[in-house]
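Notes for the one structure printed next.
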Amino acid sequence: MAAPATSPITIDAWSDVACPWCYVGKTRLDLAIKNIEAKTQTPVAVKWHPYMIDRKTKTEGEEYLAYNRRRWGSDGWTHDLRRSGAKNGLKFANWRWWPNTLNAHRLILLADTYGKGADAKQLLLLKTYEEGANVSDVDVLWSVANELGLPGADEYLKSDRGTEEVLAQDAVAKSKLGIHSVPHFRINNMFTLSGAQDVATFEAALSKAIS
C-alpha cells in the first residue's frame, strides 16, 4: 500500500445545482476520490464554490420543458446527458424544474460552516434531478436543512444573509477567475479540469497531485 501523502489533496470546485452536468461531474469526482483514498490513504478535501449559470432564471424557478424550449427550442440536448449519466447510475428520473439557485447556494454556504457543504450539495442535486423537487422553493430548502440538522436554518433562509457573498463569489469566478462553464475544478491550486470528466481522468489528476 502506498504511503500517505504529507498533506491532503485540496480541490476547489465551482458548480451549480441548476447544471445537470455538474450532477454528473460530482458523481464521477466522488467515485474517483473514493478510489484514490482507498489506494493511497491520501485524504481529499473538496470546497464547493457558488456559480450561477443563469441569474435570469425566474426567482420561483421554471418548469423543465418550458425553460428548455425558451433557451434552446427543445430538450433534445439532454439525451446525450442522460445516456452519459446512466453509465454512473444516474437516472434523471424526475427532473421537473430548472431552479433559480441563489437560495440553494446560500444554504450550501450555511451548511459549509458546519462541515456539511458537500452533503447539502448532494441532497440538492438529488432533489432536483431524481425527486422532482424545486429547490427554488424555500420549503424544499428547509427540508434539506432539517435533514442535515443545520441550526438556525429557518431564520437564515428567511433573511438575506449569504446573498451578497453568493453573488460576489459568482461574479469573481466569471470575471477574475475566467470560469465560463461548470463544473470546474482546481486541484491543489496547481492545475484545472473543466467539465464532467470520466472517473479515470479524475483519478489520474488526483494521482498527479500526489506525485
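Observations on the model:
- Selection count where residues are part of a loop (DSSP other than H, G, I, E, B) and either charged (D, E, K, R) or surrounded by fewer than 17 Cβ atoms within 10 Å (Cβ to Cβ) (or both), scope region 1-34: 9
- Restricting region 76-96 to residues that are more than 19 Å from Arg28 (Cα to Cα) and touching a helix residue (DSSP H, G or I) at 6+ places or on another chain (Cβ under 6 Å) leaves a set whose member that is surrounded by the most Cβ atoms within 10 Å (Cβ to Cβ) is Trp95.
- The set of residues in region 83-106 that are assigned to a helix (DSSP H, G or I) and over 22 Å from Glu63 (Cβ atoms) comprises Arg83, Ser84, Ala86, Arg106.
- Residue count for region 35-52 satisfying the condition of being touching a residue at least 60 places away in the same chain (Cβ under 8 Å) and part of a loop (DSSP other than H, G, I, E, B): 3.
- Hits in region 174-195 (condition: hydrophobic (A, V, I, L, M, F, W, C) and modelled with pLDDT under 95): Met190, Phe191
- Scanning region 180-207 for residues that are surrounded by 18 or more Cβ atoms within 10 Å (Cβ to Cβ) and under 15 Å from the mean Cα position of the chain (by Cα) gives Val182, Pro183, His184, Phe185, Arg186, Leu193, Ala196, Gln197.
- The criterion of being at pLDDT 95 or above, part of a helix (DSSP H, G or I) and either polar (S, T, N, Q) or loosely packed, with under 14 Cβ neighbours inside 10 Å (or both) holds for Ala171.
- Options Val166, Val138; residue that is touching a residue at least 24 places away in the same chain (Cβ under 8 Å), closer than 20 Å to Lys58 by Cβ, in contact with a Pro (Cβ under 6 Å, 6 or more places away or on another chain) and not small (Gly, Ala, Ser): Val166
- Some residue of region 64-73 being hydroxyl-bearing (Ser, Thr, Tyr) and surrounded by fewer than 14 Cβ atoms within 10 Å (Cβ to Cβ): no
The values are calculated or read from the model by the stated rules, or taken from the named source; none is laboratory data. As the structure is a computational prediction, the values presented were derived from the model and not from experiment. Don't worry about glycine lacking a Cβ; one is built from the backbone with ideal geometry, like all the others, and counts go over all protein chains shown.
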